[in-house]
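S.K.: I have a structure I would like to understand better, so I am pasting it below and will then ask my questions one at a time.
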Amino acid sequence: MSENAVETGTTRAPVFAFERGDRVLVLAHLGVAFIALLLGAAAGMLQGLQRTGYIKWPDAVGYYQLLTLHGVALALIFTTLFIIGFLLAGTAKTLGGRLHTVDRVWAWIGWIMMVVGTAMGTVSILNNSATVLYTFYAPLKASPWFYVAMALVVVGSWLGGVAIFTAYARWRRQHRGQVSPLFAYMSVATMILWIIATLGVAIEVLFQLIPMAFGWVPRVNVELSRTLFWYFGHPLVYFWLLPAYIYWYVNIPQIIKGKLFSDSLPRLTFVLFILYSIPVGFHHQFNEPGIANGWKILAAALTLTVVVPSLMTVFAMFATFEMAGRAQGATGRFAWLRKLPWKDVRFFAPFLGMVMFIPGGAGGVVNASYQLNQVIHNTLWVTGHFHMTLSSAVTLTFFGIAYWLVPALTNRKLTWRVNNLGIFQAWLWFIGMLLNAIPMHIVGLLGEPRRTAFTTYNDNPVVQPWLPYWPVMGMSGIFLFLSIMLFLGAMIYLWWFAPRLDTPAEFPIGEVKDKSHPTPMILERWPLWIALTGVLVLIVYTVPLVDMIQTPPPSSPPIRSW
């Protein structure tokens, strides 16, 4: 429900697309996300320049300390806060125009927990008591307060999900027999995936890492710890991707003056992502000896099935693009491409992300292959793949979202100057990521390891083929940091200084094309899909986990290596 414009003398008060409580809640999530983005981007540039030999930091500032800050701030904090803020905004908009008080209470409690956890974790990293990277593998021992901080972030994110679930359940009770709005449906799917996936890392943190860090237990089962982390670690990728897919499916059709190709297809893709992306963590552990090969091969097969909903998404998006172009008068085989709004940053930045996701997804197929993974597993190839997916497809889409979501929340205008700045900023990010990820893939194939600081290996000849690529990777960090600074400058302007609007700012929600087939109600039966996911998880994990607990490999005492 929008607030009405009010005349105050000769001045018209701003008209908002959201109620005040919803605006403040979503902006609070975005604000913390942008602070994390700044910290993570700065740390990434500095550690990249150090690793490639451009700079040499004093011993008090460690490479791994910067790498930890980079990973935690971007992969865990920025993404989680931004995603929950975006999902809350779309849920409020599509489920009656507002959140209820109980929804906001859940979300605010979750936000407070995430902010406290973020602050505690950042302090632990900056004082060099948690230099364990964002994967925080045991037996590396961080400050116990770092693990408490990560637990607060995870549980806080769950409460943000509770806010979405309560709003969705209320709508379903009031509209029995009706298909729920697509944005809200996909938000529920995203948070279901997230909560199921984070159960693994929550168990690891609460029952292994916190007792280890406080000294309550003398040793830790490393194999069990890593397995619990990667149960979470791979679906984490889809927690990043699904909000981008929401934007592609639901919001972009309105921006390009088109309609959704289908309502049921995106719902089915999200169900398939929940089913297939969670029980696949063993493909991150192909090189670990304590897991039988049969379970690894099963995980590889399930991982490759995730390609199916991704290809469904590619088909649906380009069908939507073509329909939009032809509805605007395009004729000929590819004339519809000229009708797309290439000068609109809300479309252009995510489209660059879609382009980058093509090679990123292809690299993921290599990573998931049981045989090919042996070649690239512990090399910079994996880091390059990670940057082509999270740092390109996801981040560029988040840029596109922010350029209209912040004005929608502050009721300010996305001016043509900021729009053009956004297009330049997106290009700068895209080029910087190409300069970053392509050399990483190449040197990975040449054997350069990941998770290592700059070294010449005592001038061993094996290093020589890597050397020409290091300056390019170092330069890319400067490009990417400049892009982030331009983006944050644009956000500050849109938040506080852009011209006010007399009408509510646009929140683009696409409509389904007229002849779309009815959506099967079975897709709304979440207990069924959650139960099937649980069955797949039990099939893949029960025997290996029981074996790790009953006949564990030699455990390890906690280690601080820095």
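The values are calculated or read from the model by the stated rules, or taken from the named source; none is laboratory data. Small disclaimer: the values here were computed from a predicted structure and weren't measured. Counting neighbours? That spans all protein chains shown, and the Cβs are built from the backbone with ideal geometry, glycine included.
S.K.: For region 376-434, give me the residue count where each residue is among the aromatic types (Phe, Trp, Tyr) and more than 22 Å from the chain's Cα centre (by Cα). Can you show your working first?
M.R.: First, pick out the residues of region 376-434 that are among the aromatic types (Phe, Trp, Tyr): 381, 386, 398-399, 403-404, 416, 424, 427, 429-430.
If we keep only those that are more than 22 Å from the chain's Cα centre (by Cα) as well, we get 416, 424.
Total satisfying the criteria: 2.
S.K.: So which residues in region 384-408 are in contact (Cβ under 8 Å) with a residue 60 or more places away in the chain and of a type in the set (A, V, I, L, M), if there are any at all?
M.R.: Leu390, Ala393, Val394, Ile401, Ala402, Leu405, Val406, Ala408, listed by residue number.
S.K.: Kindly check whether there is at least one residue in region 409-416 that is more than 22 Å from Gly48 (Cα to Cα), in contact (Cβ under 8 Å) with a residue 12 or more places away in the chain, buried (at least 20 other Cβ atoms within 10 Å of the Cβ) and of a type in the set (D, E, K, R).
M.R.: Scanning region 409-416, I find at least one residue that is more than 22 Å from Gly48 (Cα to Cα), in contact (Cβ under 8 Å) with a residue 12 or more places away in the chain, buried (at least 20 other Cβ atoms within 10 Å of the Cβ) and of a type in the set (D, E, K, R), so the answer is yes.
S.K.: Tell me whether region 454-474 contains one or more residues that are of a type in the set (D, E, K, R) and free of Cβ contacts under 8 Å to residues at least 24 places away in the same chain. Step through it out loud before you land on a result.
M.R.: Filtering region 454-474 down to residues of a type in the set (D, E, K, R) leaves 459.
From the residues that got through so far, the ones that are free of Cβ contacts under 8 Å to residues at least 24 places away in the same chain too are 459.
Yes, region 454-474 has at least one match.
S.K.: Right, another one. Could you please find all residues in region 142-182 being more than 25 Å from the chain's Cα centre (by Cα) and not in a helix (DSSP H, G or I)?
M.R.: Ser143, His175, Arg176, Gly177, Gln178, Val179
S.K.: Please count how many residues of region 249-295 are more than 25 Å from the chain's Cα centre (by Cα) and assigned to a helix (DSSP H, G or I).
M.R.: Here the count works out to 3.
S.K.: If you don't mind, another one. Looking for whichever is at pLDDT 95 or above and surrounded by 18 or more Cβ atoms within 10 Å (Cβ to Cβ) here; the options are Val306, Val271. Which one fits? Steps first, answer last, please.
M.R.: Numbers: Val306 fails: at pLDDT 95 or above.
Selected residue: Val271, the only one of Val306, Val271 that is at pLDDT 95 or above and surrounded by 18 or more Cβ atoms within 10 Å (Cβ to Cβ).
S.K.: From the list Ile203, Ile164, Ile192, Ile196, exactly one residue is surrounded by 23 or more Cβ atoms within 10 Å (Cβ to Cβ), modelled with pLDDT of 95 or more and not hydroxyl-bearing (Ser, Thr, Tyr). Which is it? Write out each step before concluding.
M.R.: Working: Ile203 fails: surrounded by 23 or more Cβ atoms within 10 Å (Cβ to Cβ); Ile192 fails: surrounded by 23 or more Cβ atoms within 10 Å (Cβ to Cβ); Ile196 fails: surrounded by 23 or more Cβ atoms within 10 Å (Cβ to Cβ).
The unique qualifying residue is Ile164.
S.K.: Still on this structure: Collect the residues in region 1-21 that are outside any loop (DSSP other than H, G, I, E, B) and either among the small types (Gly, Ala, Ser) or modelled with pLDDT of 95 or more (or both), keeping them in residue-number order. Full working, then the answer.
M.R.: Narrowing region 1-21 to residues outside any loop (DSSP other than H, G, I, E, B): 7-8, 11-12, 20-21.
Listed by number, the list holds a single entry, Gly21.
S.K.: Can you name the residue in region 474-504 that is closer than 30 Å to Tyr54 by Cα and among the hydroxyl-bearing types (Ser, Thr, Tyr) and, of all such residues, is nearest to the chain's Cα centre (by Cα)?
M.R.: Our first condition is that a residue be closer than 30 Å to Tyr54 by Cα; within region 474-504, this holds for 474-490.
Still in the running and among the hydroxyl-bearing types (Ser, Thr, Tyr): 476, 483.
Values: Ser476: 21, Ser483: 19 Å.
Applying the filter and picking the extreme gives Ser483.
Each row is one residue, and each column tells you yes or no for (1) farther than 17 Å from Phe487 by Cβ; (2) in contact with a helix residue (DSSP H, G or I) (Cβ under 6 Å, 6 or more places away or on another chain); (3) outside any helix (DSSP H, G or I).
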site: Gln374; (1), (2), (3): yes, no, no
site: Phe386; (1), (2), (3): yes, no, no
site: Thr389; (1), (2), (3): yes, yes, no
site: Pro407; (1), (2), (3): no, yes, no
site: Val418; (1), (2), (3): no, yes, no
site: Gly422; (1), (2), (3): no, yes, no
site: Phe430; (1), (2), (3): no, yes, no
site: Ala437; (1), (2), (3): yes, yes, no
site: Asn458; (1), (2), (3): yes, no, no
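S.K.: What are the residue pairs meeting all of these: first residue in region 23-38, first residue more than 18 Å from Trp108 (Cβ to Cβ), second residue small (Gly, Ala, Ser) and in a helix (DSSP H, G or I), Cβ atoms under 8 Å, and 6 or more apart or on different chains?
M.R.: Listed by first residue and then by second, the contacts come to Ala36/Ala73; Leu37/Ala73.
S.K.: While we're here: Please enumerate the residues belonging to region 22-62 that are modelled with pLDDT under 95, surrounded by fewer than 18 Cβ atoms within 10 Å (Cβ to Cβ) and either within 24 Å of the chain's Cα centre (by Cα) or farther than 13 Å from Gly474 by Cβ (or both).
M.R.: Trp57, Pro58, Asp59, Ala60, Val61, Gly62
S.K.: Of the conditions (1) in a helix (DSSP H, G or I); (2) at pLDDT below 95, Gly96 fails just one. Which one is it?
M.R.: (1)
S.K.: If you check Phe183, Phe207, Phe165, which single one turns out to be touching a residue at least 40 places away in the same chain (Cβ under 8 Å) and on the phi < 0 side of the Ramachandran plot? Step through it out loud before you land on a result.
M.R.: On the way: Phe207 fails: touching a residue at least 40 places away in the same chain (Cβ under 8 Å); Phe165 fails: touching a residue at least 40 places away in the same chain (Cβ under 8 Å).
The conditions single out Phe183.
S.K.: Take region 32-59 and flag every residue that is out of contact with any helix residue (DSSP H, G or I) (no Cβ under 7 Å at 6 or more places or on another chain) and assigned to a helix (DSSP H, G or I).
M.R.: Ile35, the sole residue that qualifies.
S.K.: Continuing with the same structure: What are the residues in region 305-362 that are among the hydroxyl-bearing types (Ser, Thr, Tyr) and in a helix (DSSP H, G or I), if any? Walk me through how you get there before you give the answer.
M.R.: Filtering region 305-362 down to residues among the hydroxyl-bearing types (Ser, Thr, Tyr) leaves 305, 310, 313, 320, 331.
Selection gives Thr305, Ser310, Thr313, Thr320.
S.K.: Take the residues in region 443-465 that are surrounded by fewer than 19 Cβ atoms within 10 Å (Cβ to Cβ) and hydrophobic (A, V, I, L, M, F, W, C), then tell me which one is nearest to Phe348 (Cα to Cα).
M.R.: Looking only at region 443-465, we keep the residues that are surrounded by fewer than 19 Cβ atoms within 10 Å (Cβ to Cβ), and these are 445-447, 449-465.
After this cut, where a residue has to be hydrophobic (A, V, I, L, M, F, W, C) as well, the list is 445-446, 453-454, 462-463.
Working: Leu445: 32, Leu446: 34, Ala453: 36, Phe454: 36, Val462: 41, Val463: 39 Å.
The selected residue is Leu445.
S.K.: Ala531 passes all but one of (1) of a type in the set (A, V, I, L, M, F, W, C); (2) surrounded by 14 or more Cβ atoms within 10 Å (Cβ to Cβ); (3) within 30 Å of Leu95 (Cβ to Cβ); which number fails?
M.R.: Every listed condition holds for Ala531 apart from (2).
S.K.: Mind counting the residues in region 113-141 that are touching a residue at least 24 places away in the same chain (Cβ under 8 Å) and part of a loop (DSSP other than H, G, I, E, B)?
M.R.: Total satisfying the criteria: 12.
S.K.: Tell me, yes or no, whether region 283-300 has at least one residue that is touching a Ser or Thr at 6+ places or on another chain (Cβ under 8 Å), closer than 27 Å to Thr80 by Cβ, in contact (Cβ under 8 Å) with a residue 60 or more places away in the chain and buried (at least 17 other Cβ atoms within 10 Å of the Cβ). Steps first, please.
M.R.: Step one: of region 283-300, the residues touching a Ser or Thr at 6+ places or on another chain (Cβ under 8 Å) are 283, 285, 291, 300.
Going one step further and asking which of them are closer than 27 Å to Thr80 by Cβ, we end up with 283, 285.
From the residues that got through so far, the ones that are in contact (Cβ under 8 Å) with a residue 60 or more places away in the chain too are 283.
Next cut, buried (at least 17 other Cβ atoms within 10 Å of the Cβ) only: 283.
Yes: region 283-300 contains one or more residues that are touching a Ser or Thr at 6+ places or on another chain (Cβ under 8 Å), closer than 27 Å to Thr80 by Cβ, in contact (Cβ under 8 Å) with a residue 60 or more places away in the chain and buried (at least 17 other Cβ atoms within 10 Å of the Cβ).
S.K.: Shifting gears a bit: Among the residues in region 207-221, are any over 30 Å from Asp547 (Cα atoms), surrounded by 19 or more Cβ atoms within 10 Å (Cβ to Cβ) and β-branched (Val, Ile, Thr)?
M.R.: Step one: filter region 207-221 for residues over 30 Å from Asp547 (Cα atoms), giving none.
Scanning region 207-221, I find no residue that is over 30 Å from Asp547 (Cα atoms), surrounded by 19 or more Cβ atoms within 10 Å (Cβ to Cβ) and β-branched (Val, Ile, Thr), so the answer is no.
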